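A.B. asks: First the structure, then my questions, so here it is.
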Amino acid sequence: MEDEVREPAVAGFFYPGSVTELMKCLEWCFKHELGPQRTPGEVEPSGKYRIKSAIVPHAGYIYSGPCAAHVYVTIKEDRVPETIIILGPNHTGYGAPVSVFPRGIWRTPLGDTKVDDTIAEKLASMEPFKADKLAHLEEHSIEVQIPFLQYVLNKEFKIVPIVLMDQRLRTAREVAGAIYDLMQEVDKDIIVLASSDMSHYVSQKSAYEKDLKALEYVINLDIEGFYDVVEQDNITICGVGPIAVAALVAKSFGIQGALLKYYTSGDISGDKTAVVGYASLVFGENPPRTERSRVRREKIKEAPLVA
């Protein structure tokens, strides 16, 4: 029986649709002055971070790609996992409240990546998960991570795509608990990847102040505090649930968080009147030492928009 293929929905929109242009764009993300300024080919896995989960943005590559590149090169420096569980918010309103893509292949211009049907079907048999493909058909938050993974890992790996329409803290706890238990039970090397942008369409000043305040709670694994500040300060983070799951998994493992990079779309385009915030974080037993987020409140150099 042939695997069902989930065709790309946002190739040519969020990222280039041709192999050549996509490869150039990904290289640009890693070499950009707001990116890590080193490519995956320049690093070797050492296992030093022991990463269990991470958070990456999901906007168009010319905006959030350099930020996401920080997480991906750090994962490459750590190891190449067997399976990546990718959680994204539901932007379309289609499908189940907690939707697991149960089996098949995800296609991008760089090739095909298989779903880990063993893990996906185990999760789909548990509450609050449901096996469902509808939520994934037009959703970009997971799709935009696949070319990065294909480019960086450069070997066979599998994914478990999960879309969260229900992003309540109670649901995030249930999802994180099930994933943590599964990571403990199965004999597979798994990393949990949460896909989310930060503040949407606010001033540069507001984005920096609100996002970095919220990220302090995430880094410190205070998820109740994170939800409280998001509500109290009206922070328009689209993937509150996925972020919470990544941090709750980390908390269950007793590991630490590190903010690798924060900037906004205004730092790329120069238009700082209505920006979107982007953040990259990893959680590991020995995560990279980085500047604390309070230090990152200083103005970041502007970078040119790439067509």
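A.B. asks: Listed residues 257, 266, 277; which is in a helix (DSSP H, G or I) and at pLDDT 95 or above?
C.D. replies: Working: 257 fails: in a helix (DSSP H, G or I); 277 fails: in a helix (DSSP H, G or I).
None of the others qualify; the one that does is 266.
A.B. asks: Tell me, please, whether a residue that is crowded, with 20+ Cβ neighbours inside 10 Å, within 19 Å of residue 137 (Cα to Cα) and either in contact with a Gly (Cβ under 6 Å, 6 or more places away or on another chain) or free of Cβ contacts under 8 Å to residues at least 40 places away in the same chain (or both) can be found in the range 187-196.
C.D. replies: Within the range 187-196 (the criterion being crowded, with 20+ Cβ neighbours inside 10 Å, within 19 Å of residue 137 (Cα to Cα) and either in contact with a Gly (Cβ under 6 Å, 6 or more places away or on another chain) or free of Cβ contacts under 8 Å to residues at least 40 places away in the same chain (or both)), the answer is yes, since at least one residue qualifies.
A.B. asks: Based on this model, can you work out whether residue 149 counts as among the aliphatic types (A, V, I, L, M), touching a Phe, Trp or Tyr at 6+ places or on another chain (Cβ under 6 Å) and assigned to a helix (DSSP H, G or I)?
C.D. replies: In short, no.
A.B. asks: Does residue 100 qualify as being in contact with a Phe, Trp or Tyr (Cβ under 6 Å, 6 or more places away or on another chain) and buried (at least 17 other Cβ atoms within 10 Å of the Cβ)?
C.D. replies: yes
A.B. asks: What number of residues in the range 117-143 are under 27 Å from residue 169 (Cβ atoms), assigned to a loop (DSSP other than H, G, I, E, B) and touching a strand residue (DSSP E or B) at 6+ places or on another chain (Cβ under 9 Å)?
C.D. replies: Count: 7.
A.B. asks: Could you identify the single residue in 199, 203, 125 that is within 19 Å of the chain's Cα centre (by Cα), modelled with pLDDT of 95 or more and either over 30 Å from residue 42 (Cβ atoms) or surrounded by 17 or more Cβ atoms within 10 Å (Cβ to Cβ) (or both)?
C.D. replies: Of the residues listed, the single one that is within 19 Å of the chain's Cα centre (by Cα), modelled with pLDDT of 95 or more and either over 30 Å from residue 42 (Cβ atoms) or surrounded by 17 or more Cβ atoms within 10 Å (Cβ to Cβ) (or both) is 199.
A.B. asks: If residue 203 meets every condition in (1) touching a residue at least 24 places away in the same chain (Cβ under 8 Å); (2) within 24 Å of residue 97 (Cβ to Cβ); (3) small (Gly, Ala, Ser) apart from one, which number is that one?
C.D. replies: (2)
A.B. asks: Restricting the search to the range 78-102, which residues are touching a residue at least 60 places away in the same chain (Cβ under 8 Å) and either outside any strand (DSSP E or B) or out of contact with any helix residue (DSSP H, G or I) (no Cβ under 7 Å at 6 or more places or on another chain) (or both)? Give the derivation first.
C.D. replies: Start the filter on the range 78-102 by keeping residues that are touching a residue at least 60 places away in the same chain (Cβ under 8 Å), which leaves 78-91, 93, 95-101.
If the condition is that a residue be touching a residue at least 60 places away in the same chain (Cβ under 8 Å) and either outside any strand (DSSP E or B) or out of contact with any helix residue (DSSP H, G or I) (no Cβ under 7 Å at 6 or more places or on another chain) (or both), then 78, 79, 80, 81, 82, 90, 91, 93, 95, 96, 97, 101 are the ones that fit.
A.B. asks: When only residues in the range 206-225 that are more than 30 Å from residue 80 (Cα to Cα) and of a type outside the set (Asp, Glu) count, which is surrounded by the most Cβ atoms within 10 Å (Cβ to Cβ)?
C.D. replies: Within the range 206-225, the match that is surrounded by the most Cβ atoms within 10 Å (Cβ to Cβ) is 207.
A.B. asks: What is the number of the single condition among (1) farther than 19 Å from residue 106 by Cβ; (2) assigned to a strand (DSSP E or B) that residue 183 does not meet?
C.D. replies: (2)
A.B. asks: Can you tell me which residue among 190, 219 is closer than 24 Å to residue 99 by Cα and touching a strand residue (DSSP E or B) at 6+ places or on another chain (Cβ under 7 Å)? Give the steps one after another, and end with the answer.
C.D. replies: Details: 219 fails: closer than 24 Å to residue 99 by Cα.
Of the residues listed, the single one that is closer than 24 Å to residue 99 by Cα and touching a strand residue (DSSP E or B) at 6+ places or on another chain (Cβ under 7 Å) is 190.
A.B. asks: Every residue in the range 220-247 that is farther than 20 Å from residue 58 by Cβ, of a type outside the set (Gly, Ala, Ser) and part of a helix (DSSP H, G or I), please. Working first, answer last.
C.D. replies: In the first step, residues of the range 220-247 are kept if they are farther than 20 Å from residue 58 by Cβ; the result is 220-225, 227-229, 231-234.
Filter again for of a type outside the set (Gly, Ala, Ser), leaving 220-224, 227-229, 231-234.
Hits for the range 220-247 are 223, 224, 227, 228, 229, 231, 232.
A.B. asks: When you check residue 52 against the structure, is it basic (Lys, Arg), within 16 Å of the chain's Cα centre (by Cα), within 25 Å of residue 124 (Cβ to Cβ) and modelled with pLDDT of 95 or more, yes or no? Can you show your working first?
C.D. replies: Working: basic (Lys, Arg): yes; within 16 Å of the chain's Cα centre (by Cα): yes; within 25 Å of residue 124 (Cβ to Cβ): yes; modelled with pLDDT of 95 or more: yes.
Judged against the criteria, residue 52 is a match.
A.B. asks: Turning to a different aspect of this structure: Just to be sure, is residue 166 under 20 Å from residue 244 (Cβ atoms) and free of Cβ contacts under 8 Å to residues at least 24 places away in the same chain?
C.D. replies: The answer is no for residue 166.
Conditions (1) of a type in the set (Lys, Arg); (2) surrounded by fewer than 19 Cβ atoms within 10 Å (Cβ to Cβ); (3) assigned to a loop (DSSP other than H, G, I, E, B); (4) in contact with a Gly (Cβ under 9 Å, 6 or more places away or on another chain), marked per residue:
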position	(1), (2), (3), (4)
22	no, no, no, no
27	no, yes, no, no
58	no, no, yes, yes
63	no, no, no, no
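A.B. asks: Identify all residues within the range 131-141 that are without any contact (Cβ under 8 Å) to a residue 60 or more places away in the chain and in contact with a Ser or Thr (Cβ under 6 Å, 6 or more places away or on another chain); write none if there are none.
C.D. replies: Those that are without any contact (Cβ under 8 Å) to a residue 60 or more places away in the chain and in contact with a Ser or Thr (Cβ under 6 Å, 6 or more places away or on another chain): 132, 135.
The values are calculated or read from the model by the stated rules, or taken from the named source; none is laboratory data. Keep in mind the model is a prediction, meaning the values are calculated, not measured. Note that we place each Cβ from the backbone using ideal geometry, even for glycine, and neighbour counts take in every protein chain shown.
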